[in-house]
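What follows is calculated from the coordinates using simple rules that are stated; it is not laboratory data. From a predicted model like this one, the values you see are computed outputs, not experimental measurements. Every residue, glycine as well, gets a Cβ built from its backbone with ideal geometry; the counts of neighbours run over all protein chains shown.
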Amino acid sequence: MTQRLLLIIVLFCFGCKKETPPDEQSQQKIILSFDFRVDGEKLQTDTMIYINEAGNHYLVNEIQFFISDVTLHHTDGSTYLIQEWKDIHYIDSDLPETQTWNVFDNIPAGSYQSISFTFGINEEKNQSLMFLNPPESFMFWPQYLGGGYHYMKLNGKWLDENQQISPFNFHLGIGQIYYSYPDSITGFVQNYFQITLPNSSFTMEKNQTKEILLIMNIENWFRSPNTYDHDKWGGNIMQKQDAMRLACENGQDVFTTVVKK
Amino acid sequence: MSRKITYHSVRASLGIPLIVILLLSSCKKEAPAPSPYQPTPYQIEIPFGFPTNLNIPADNPMTVEGIELGRYLFYDGRISGRTHPDSLMSCGTCHLQANAFECGIDHPTYTGGFPYGITGKPTPHVMLPMINLIWNHTGYLWNGAVLNIEDLVWMGVVAEHEMNSDTNRAKEVIQQIPGYPELFQKAFGSETVTMKNIGRAIAQFIRTFISANSKFDRYLHGEVQLSPSEISGFILFTTEEGADCFHCHGGYGNPLFTTHLFYNNGKDSLFTGPYEDPRDRYHVTGDPMDYGAYKATTLRNIAVTGPYMHDGRFATLDEVIEFYSHHLVWSPYINPLMHHITNGGVQLTPSEKADLKAFIATLHDEEFLTNPAFGPPEKFPDEK
């Protein structure tokens, strides 16, 4: 809110001025766009056409997730943290407008080695009620289970061991340590993790707009280093830290990158 | 899935109009010439934890005068275009404040909570509450077919299963009633009654129906404690290993206690052919995943809004809890969030059911049900 107020005040001040501020003579922009693939092909939702590493036949209905702390690593060793007031970005497979992120920042020109980000939201930033509006607010993670927000909801169905089509909610967020399951929580586990995107080096020329495509390869959530079997973990995992841990380990190589233009 | 829905101002949010106003005013030197009609802007106060994005159409800003007019019209049976006392019907005939603007299961005329129109034709589905609709951006009615409250007003006037009138009759009758033309002038700058302005006024009134003072809200503000049973119920409500209601019906991070989205929650197995409901979500989106999907209603004040589900199949909350606990039915269209389908339900014990019900009861907001500002006016404009 304070940041929004600031923005308003800034605009207010510039409202009547004609000239542009001196430090904005060159404009370098980044557009991050997002895509979902399974086995190399564009995701087709709602149809049971996929088989994961464990041999489960499955379909995907929808995916919603957050990335944050997007950082550009300069070849000279310095880093640039994207600072847009809304630096936590929400992506939703059903909402095309969330799949393109026009980053607000004016990025310094230069050559960059890689891009990294946090999958989910780090402990310091993951505060309950920081998103009051949908769709982000619908990602809330219950207080009792650690609070803050889901890092991801990946909802789908699989053909279970009884040949029944059963829903799975592959939801990641803060994990819990139980004294006696599912009651008596004695501690929480921060499951967010860092990803450094492969093949994400690029050179930013003056006045350039760089479009970078981030592809989530969904099958990798279930593949390596751990073979994730829906028959073993069942339909829900928000209270199963063992399952969320495997999932987060698998998440390391879920993204691939295409630097366009 | 087809949640292809526009959250009108996800990005813009409230800040943007404010910025524009500030920008405009910051450059102007003198105030514009006073206009003959100057309605008083009405400010919505956003309760703690509630969304800041409001669904107020740009062409219908909330004003004190608009809301006052809307309140008269909402409760005035002559909006049905008739004047004979036996043939009057208003929005308030079906939408009763004491029942969170549903007719309620104990309604003297609409036995069991199944309303019908002036001709006796039953409404296709049972009622929906009018609670916090100013935060609904995803469509009204059980299937979300209507995007604006404004449009529901003329639809209510003409629908065979409601007032079965026509908009010309409605506006002519209102135009003739002494007092109304002045109120239209004050609210909209013209004494001529139009259906558009009738719709605007009633919509403004409905947008003031805010419920944010339940025991649970006061608990969030740290003003009261919940009982051990209510706390257990809250934990059940918001855990997957518990009753698992929160993904669709909200919780701490979503105090509306609804997503205003549409789900098939596992009541039936057949949805096509003879079982097809022409008013389910599928008939809005055309996406087969939406067969048998309806809006997950808010659970605020749920105790007074029976019967439950779009077809009113459950008379009591106990039956609803029994259903989610043991009687879910599988179909290819079931929403993936209903992952307890594999076991037929969330399998609550009797004491867990009691706790869950105790928690849901903390969403009861007596102030909302009795606030005189939402109730019928003491006198209509021609009775002054």
Of A:Gln190, A:Gln83, A:Gln25, the one that fluctuates the most in a GNM where chain A has Cα springs shorter than 10 Å: A:Gln25
Low-density loop positions, chymotrypsin sites (Phe, Trp or Tyr not before Pro), segment B:35-65 - DSSP coil, at most 12 other Cβ in 10 Å: B:Tyr37, B:Phe48
Using θ = phi - 60° and Karplus 6.51 cos²θ - 1.76 cosθ + 1.60, couplings along segment A:200-208 (whole Hz; Gly, Pro as x): 10, 7, 7, 10, 9, 7, 4, 6, 9
Rg [Å, one decimal], Dmax [Å, integer] - chain A, C-alpha atoms: 20.3, 70
Phi-based couplings in Hz for segment B:201-211 (Karplus 6.51, -1.76, 1.60; Gly and Pro marked x): 5, 5, 4, 4, 4, 4, 5, 7, 6, 10, 10
Where N is the number of residues in segment B:259-384, Cα Rg divided by 2.2 N^0.38 Å: 1.32
Above-threshold pairs, the threshold being 29 Å between Cα atoms, out of B:Lys171/B:Lys379; B:Lys295/B:Lys353; B:Lys121/B:Lys267; A:Lys42/A:Lys210; A:Lys29/A:Lys157: A:Lys29/A:Lys157
Range of Cα positions in chain B per principal axis (Å), largest first: 67, 53, 41
Within a Gaussian network of chain B (alpha carbon springs, distance under 10 Å), most fluctuating of B:Gln204, B:Gln176, B:Gln97: B:Gln176
Average Cα contact separation per residue, segment B:64-210, under 8 Å, 6 or more apart, as relative contact order %: 31 percent
Cα Rg, Dmax, segment A:111-240, angstrom units: 18.1, 60
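Note down the relative contact order for chain A as a percent, whole number, built from C-alpha pairs under 8 angstrom at least six residues apart. It would help to have the intermediate numbers written out before the result.
On the way: 554 pairs, mean separation 61.5, N = 261.
24 percent.
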Other-chain or far-sequence residues with amide H under 5 Å of B:Phe314's (modelled H): B:Tyr308
Within segment A:44-259: Cβ-based charge dipole about Cα centre, in debye rounded to nearest 20 (Lys, Arg +1; Asp, Glu -1): 140 debye
Anchor B:Lys215: aspartates and glutamates whose Cα lies under 17 Å away (excluding residues fewer than 8 positions away in-chain): B:Glu223, B:Glu230, B:Asp355, B:Asp365, B:Glu366, B:Glu367
Vicinal HN-Hα couplings computed from phi for segment B:342-357 (Karplus, 6.51 cos²θ - 1.76 cosθ + 1.60; Hz; Gly/Pro x): 4, 9, x, x, 7, 6, 7, 7, x, 6, 5, 4, 5, 5, 4, 5
Charge dipole magnitude, Cβ of K and R +1, D and E -1 - the protein assembly as shown, Cα centre, debye nearest 20: 1380 debye
FRET E, pair A:Gln252, B:Phe48, Förster distance 41 Å, beta-carbon r, rounded to 0.05: 0.60
Computed label-point distance, nm, for sites B:Glu191 and A:Ile177 using a 7 Å Cα→Cβ extension: 7.8 nm
Chain B, relative contact order [Cα under 8 Å, separation at least 6], %: 20 percent
P(r), alpha carbons of segment B:64-210 - 10 Å bins starting at zero, rounded %: 12, 43, 36, 9, 0
Spin-label model distance (nm) - B:Glu276 vs B:Glu172, 7 Å beyond Cα toward Cβ: 3.9 nm
Intensity falloff of the protein assembly as shown expressed as log10 I(q)/I(0), Debye formula with alpha-carbon point scatterers, at q = 0.09, 0.11 Å⁻¹: -0.84, -1.19
Between 0 and 90°, nearest 10: helix B:317-326 axis offset from chain B longest Cα axis: 40 degrees
Cut-off under 5 Å, modelled amide H: who pairs with B:Arg279 long-range: none
Nonlocal amide H pairs with B:Leu261, under 5 Å, H built at 1.01 Å: B:Ala296
Selected from A:Tyr228, A:Gln241, A:Asn122, residue furthest toward positive end of dipole (segment A:121-261; charges at beta carbon): A:Asn122
A:Gln163/A:Arg245 FRET efficiency (R0 30 Å; Cβ-Cβ; nearest 0.05): 0.55
D_trans [Stokes-Einstein, Kirkwood Rh over alpha-carbon pairs] for segment B:238-330, 10 °C, 1.306 mPa s, µm² s⁻¹: 112 µm²/s
Computed label-point distance, nm, for sites A:Thr209 and B:Val64 using a 7 Å Cα→Cβ extension: 4.7 nm
